[in-house]
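**Student:** Below is the structure I would like to discuss, written out as structure tokens.
The values are calculated or read from the model by the stated rules, or taken from the named source; none is laboratory data. The structure displayed is predicted, hence computed values, not measured ones. Please note: Cβ atoms are built from the backbone with ideal geometry, for glycine as well, and neighbour counts cover all protein chains shown.
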Amino acid sequence: MAQPKEVMNIKEASQYLGISPDTLYKYVSMERIPAFKLGNRWRFKKTVLDEWMELKSKGRSTEKE
């Protein structure tokens, strides 16, 4: 698989995260995932998504303790 770009659109980000574009739109509208608008299109920075996933995975492991 090709290396993900640093700035991804909805389709690319949903593939990177392993969720459907519809689910990603829902998460963005609920402000559950970091994103920004460029013009009228949602964009996602790979490094920000990676940091967000790392935080979420650490938060989940500590929530159980």
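**Student:** Write out, first by first residue and then by second, each pair whose Cβ atoms fall under 8 Å of each other, whose residues are 6+ apart or on separate chains, and whose first residue, in region 20-48, is more than 18 Å from Pro4 (Cβ to Cβ) while the second is not small (Gly, Ala, Ser) and not in a helix (DSSP H, G or I).
**Tutor:** That search, which allows pairs on different chains as well, returns Tyr25/Trp42; Lys37/Arg43.
**Student:** Which ones in region 13-27 are assigned to a helix (DSSP H, G or I) and of a type outside the set (Asp, Glu)?
**Tutor:** Within region 13-27, Ala13, Ser14, Gln15, Tyr16, Leu17, Pro21, Thr23, Leu24, Tyr25, Lys26, Tyr27 qualify.
**Student:** So which residues in region 1-11 are within 9 Å of Phe44 (Cα to Cα) and either in contact with a helix residue (DSSP H, G or I) (Cβ under 9 Å, 6 or more places away or on another chain) or of a type in the set (Val, Ile, Thr) (or both)?
**Tutor:** Glu6, Val7, Met8, Ile10
**Student:** Another question, then. Residue under question is Pro4, and the condition is that it be without any contact (Cβ under 8 Å) to a residue 40 or more places away in the chain and surrounded by 14 or more Cβ atoms within 10 Å (Cβ to Cβ); does it hold?
**Tutor:** So Pro4 fails the test.
Every residue, every condition in (1) in contact with a Pro (Cβ under 8 Å, 6 or more places away or on another chain); (2) modelled with pLDDT of 95 or more, yes or no:
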residue: Met8; (1), (2): no, yes
residue: Asp22; (1), (2): no, yes
residue: Ile33; (1), (2): no, yes
residue: Val48; (1), (2): yes, yes
residue: Leu55; (1), (2): no, no
residue: Arg60; (1), (2): no, no
